[in-house]
Amino acid sequence: MDRMLTINIFRYNPQDPDSKPHMESFYIDETESMTLFIALNRIREEQDPSLQFDFCCRAGICGQCGMVINGRPNLACKTKTKDLPSQITLLPLPFFKLIGDLSVDTGTWFREMNTHIESWIHTSKEFDPEAEEERMDNELAEQIYELDRCVECGCCLAACGTARMREDFLGAVALNRIARFILDPRDEREEKDYFEIIGNDQGIFGCMGLLGCEDVCPKNLPLQDQLGFLRRKMGFFALKDLKRGKKKTC
Ligand code: SF4
Ligand code: SF4
Ligand code: FES
């Protein structure tokens, strides 16, 4: 390990009227197993305490450290500097409100999205804290768990052409979430309830299907499969609805 890294970082503090967006270069010796989390912390500790960036878990779980790393959205804590050239450029995730430098507000967007799609199990059963947990087929539980691995990092939205053009686009992350509730037998919503939320340009019809989202998802979620699953479901639902309509008019 004898590389000197040049880390070019976007700097801007929207709270400071004198601050102007610009790039600033920092130089740092690379160490064994260095991640961008370690590099940024060293820069902040040794060179500039005002540098803003977000981290919490350092293990790819909290989804806080998404940023654009040499042109590609990714988690900084899971990115090893040895996998990058010695010139590294870091930008904040686009799409989200900038807090300062590399820090963006993903939380507000995700809270609003989860409220909009009603991201919880809808059930008429009263909650009984004494009751045994409901049984579920293992295979189905695993399918649901697979989609629940999303860490709400926002990388898929930063890579999404539609999200960059339409502020109200719900993105692959919301479609993935809806797919997860459709699979869950405890959720008593009907197909029409889901499709009222995503059967429009904000949802499935806004998606251009180029799959930037799946390419960059650091958790390797099968986002393409969910887009296909929802489109097929919506197609069948529309056909059933058409048949029902015909019967009524006969
Ligand atoms: S496939 Fe759809 S959701 Fe994914 S990046 Fe493209 S437009 Fe966005
Ligand atoms: S779907 Fe993937 S990229 Fe998008 S927020 Fe979830 S973990 Fe991040
Ligand atoms: S710090 Fe939690 S995902 Fe990177």
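Here are some notes:
- Scope region 113-122; condition surrounded by fewer than 12 Cβ atoms within 10 Å (Cβ to Cβ) and either farther than 16 Å from ASP187 by Cβ or β-branched (Val, Ile, Thr) (or both); matching residues: THR115
- Tallying residues that are among the aromatic types (Phe, Trp, Tyr), open to solvent by 20 Å² or more (accessible area, probe 1.4 Å) and in a helix (DSSP H, G or I) within region 191-212 yields 0.
- Residue match in region 142-159 (condition: under 11 Å from the mean Cα position of the chain (by Cα), among the charged types (D, E, K, R) and open to solvent by 10 Å² or more (accessible area, probe 1.4 Å)): yes
- Of all residues in region 2-15, those satisfying the criterion of being more than 15 Å from SER103 (Cα to Cα) and not in a strand (DSSP E or B) are ASP2, ARG3.
- ILE99, sole failed condition from (1) under 12 Å from the mean Cα position of the chain (by Cα); (2) hydrophobic (A, V, I, L, M, F, W, C); (3) open to solvent by 60 Å² or more (accessible area, probe 1.4 Å): (1)
- The combined condition, being within 14 Å of ligand 2 (Cβ to nearest atom) and of a type outside the set (S, T, N, Q), is fulfilled by LEU170.
- Selection of region 210-231 for residues being away from ligand 3 (no atom under 16 Å from the Cβ) and over 20 Å from ILE117 (Cβ atoms) yields LEU210, LEU211, GLY212, ASP215.
- Boolean, ASP215 is out of contact with any helix residue (DSSP H, G or I) (no Cβ under 6 Å at 6 or more places or on another chain), in a helix (DSSP H, G or I) and at pLDDT 90 or above: yes
- Output for region 161-183, where each listed residue is of a type outside the set (A, V, I, L, M) and crowded, with 17+ Cβ neighbours inside 10 Å: THR162, PHE169, GLY171, ASN176, ARG177, ARG180, PHE181
- Within region 143-179, tally of residues that are near ligand 1 (Cβ under 10 Å from one of its atoms) and assigned to a helix (DSSP H, G or I): 14
- Among the residues of region 64-88, the one identified as more than 16 Å from ligand 2 (Cβ to nearest atom), open to solvent by less than 50 Å² (accessible area, probe 1.4 Å) and in a strand (DSSP E or B) is ILE88.
The values are calculated or read from the model by the stated rules, or taken from the named source; none is laboratory data. Just so it is clear, the model here is predicted, and its values are computed rather than measured. Cβ: placed from backbone, ideal geometry, glycine included. Neighbour counts: every protein chain shown. Heavy atoms of the whole protein, side chains included, go into the accessibility calculation; ligands, DNA and RNA do not. Shrake-Rupley method; radii C 1.70, N 1.55, O 1.52, S 1.80 Å.
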